[in-house]
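The values are calculated or read from the model by the stated rules, or taken from the named source; none is laboratory data. Quick caveat: nothing in here was measured; it's all calculated off a predicted structure. Here the Cβ positions follow ideal geometry from the backbone for every residue, glycine too, while neighbour counts run over all protein chains shown. Side chains included, ligands, DNA and RNA excluded: accessible areas come from the protein's heavy atoms. Shrake-Rupley method; radii C 1.70, N 1.55, O 1.52, S 1.80 Å.
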Amino acid sequence: MTNYLTQVIRLLGGDGDPRPCPDKWREIEAEYAISLPVDYKELIERFAPVELNNRLYLHHPGFDSWNLSQWMRETVDAFENCQWEEVTAPSLDAAELSFGSGGLIPLASTTGGEYLFLLARSDNEPLLIVHVGDDDDFYEYDMGFTEWLCRYLSDEETAGPNSSAGWAAPVQVRRLPT
């Protein structure tokens, strides 16, 4: 079995700078009535706030700047105010599409207008959903966050069809100011 967490840590150039914030995670999880994936929280605590490959942003809940909780609220508000007439992702229904508690929970975003969401399922296995702004559609990825991130950083198609960006290794890591 592939250890995606180890691979991502290697791709990002080491162990990062762990900054745990269990109280902040509890607040976010209470607000959205969900347990966020452990691997997601571990990578956020080690590396965020960070910009990866001049494209993907990961926020951290423990800082005022690049604050994950604030960004999540703003993203939920923005998506809740959209009209969704048609959605092609099999697990989503445009008529019942919601964001925040009981719906899609934002995890990350890109400079290209893609948003990575978590959808909780009844079997307790999370499903990652990517909204691609250019397509104005959602794509499903039945994998954990670190697997998705590993594939994203390895330039696989992880944000809809033809989403490979053509970048070469090594991954560019830019720590954002806290």
Output for the stretch 153-178, where each listed residue is among the charged types (D, E, K, R) and either free of Cβ contacts under 8 Å to residues at least 40 places away in the same chain or touching a Ser or Thr at 6+ places or on another chain (Cβ under 9 Å) (or both): ASP155, GLU156, GLU157
Among residues of the stretch 10-56, those that are among the small types (Gly, Ala, Ser), open to solvent by 30 Å² or more (accessible area, probe 1.4 Å) and on the phi < 0 side of the Ramachandran plot, counted: 2
Test: residue in the stretch 8-23 that is touching a strand residue (DSSP E or B) at 6+ places or on another chain (Cβ under 7 Å) and more than 20 Å from THR178 (Cβ to Cβ): no
Residue match in the stretch 94-117 (condition: open to solvent by 30 Å² or more (accessible area, probe 1.4 Å), of a type in the set (D, E, K, R) and under 25 Å from ARG19 (Cα atoms)): no
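Of all residues in the stretch 132-176, how many are polar (S, T, N, Q) and at positive phi?
Matching residues across the stretch 132-176 total 1.
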From ARG19, ARG46, ARG10, ARG26, residue being closer than 24 Å to GLY100 by Cα and not acidic (Asp, Glu): ARG26
Close pairs from the stretch 95-106: first closer than 16 Å to ALA30 by Cβ, partner hydroxyl-bearing (Ser, Thr, Tyr), Cβ under 8 Å, at least 6 apart: GLY100/TYR32; SER101/TYR32; ILE105/TYR32
Residue in the stretch 72-84 that is open to solvent by 40 Å² or more (accessible area, probe 1.4 Å), in contact with a Gly (Cβ under 8 Å, 6 or more places away or on another chain), on the phi < 0 side of the Ramachandran plot and at pLDDT below 95 present: yes
Cβ pairs under 6 Å, 6+ apart, first in the stretch 72-93 and farther than 29 Å from PRO61 by Cα and in contact (Cβ under 8 Å) with a residue 60 or more places away in the chain, second open to solvent by less than 90 Å² (accessible area, probe 1.4 Å) and part of a loop (DSSP other than H, G, I, E, B): none
Single residue of THR178, THR110, THR158 found to be of a type in the set (S, T, N, Q) and in contact with a strand residue (DSSP E or B) (Cβ under 6 Å, 6 or more places away or on another chain): THR110
Among (1) open to solvent by less than 20 Å² (accessible area, probe 1.4 Å); (2) touching a residue at least 24 places away in the same chain (Cβ under 8 Å); (3) assigned to a strand (DSSP E or B), the one test that CYS150 misses: (3)
The stretch 132-147 - residue that is among the charged types (D, E, K, R) and not in a strand (DSSP E or B) and, of those, surrounded by the most Cβ atoms within 10 Å (Cβ to Cβ): GLU147
